[in-house]
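I have placed the structure first, in the form of structure tokens, so that the comments after it can refer back to it.
Read-outs: derived from the displayed coordinates by stated rules, not from any lab. Every value quoted in this text rests on a predicted model; they were computed, and no experiment measured them. Neighbour counts run over all protein chains shown; Cβ positions are idealised from the backbone, glycine included.
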Amino acid sequence: MKPTTIPMTNALRALDAAKVAYEVRCYDYTEHGGTIQAATELGLDHHATIKTIILEDEDKKPFVCLMHGDCEISTKNLARARGVKTVQTCAPATADRHSGYHVGGTSPFGTRKRMTVYVQRTIYDLPEIYVNAGHRGILVAMKPADLDRALAGLTTPVDVTQA
């Protein structure tokens, strides 16, 4: 169901604190709809609708990866970029615990734990991106250049698209 009011999430608080310009966009969230549902409903470019994925390495150290909605992450390339042997996506309950958000509403901004954010390098080439705002059914439209400011030095640009 589409939110009728916009809750003040930790993600929105973090964007406000970083003085990042954004516009909130609401859509009708459905379980397993993913970025394609949000992009389709809001008439957005699926490539510019960004997935926020919580992963962990072999030592169970959590981190975030931002990826184009229409692409898949190569965990092999991401492990190489991180300098570890393996990485895997977290189980939903584990991802919720690390981020402080529910899967489907996970935002890279204002997470419960301070985690490195690996950003697919080509995201920075887009004129505007749409990222989850910390609640199911809510995205923020923003300039990709503002990711670094909003994430306060936690970002690492990488090439981890699956071939």
Need one word for the stretch 51-113: rounded, prolate or oblate. Basis is the Cα gyration tensor (sqrt eigenvalues a ≥ b ≥ c); a/c below 1.5 gives rounded, then a/b vs b/c decides. oblate
Prolate/oblate/rounded call for the chain, Cα gyration tensor, a/c under 1.5 rounded: rounded
Between the stretch 1-75 and the stretch 139-154, the alpha-carbon center distance in angstrom: 12
Förster radius 22 Å - calculated FRET efficiency between residue 13 and residue 114 (Cβ-Cβ, nearest 0.05): 0.90
For 125, 16, 146, order by how many other beta-carbon atoms lie within 10 Å, fewest first: 125, 16, 146
Rounded if a/c is under 1.5, else prolate if a/b is larger than b/c, else oblate: which is the stretch 12-71, with a ≥ b ≥ c the root eigenvalues of its Cα gyration tensor? oblate
Over the chain, what is the relative contact order in whole percent, taking alpha-carbon pairs under 8 Å and six or more residues apart? 29
Two-site label geometry, residue 89 and residue 148: point separation in nm, points 7 Å out along Cα→Cβ: 2.9
To make sure I understand, if each residue's beta carbon is the centre and we count other beta carbons within 10 Å, what order do 19, 76 fall in, fewest to most? 19, 76
If 71, 65 are placed from fewest to most neighbouring beta carbons inside 10 Å, the sequence is 71, 65
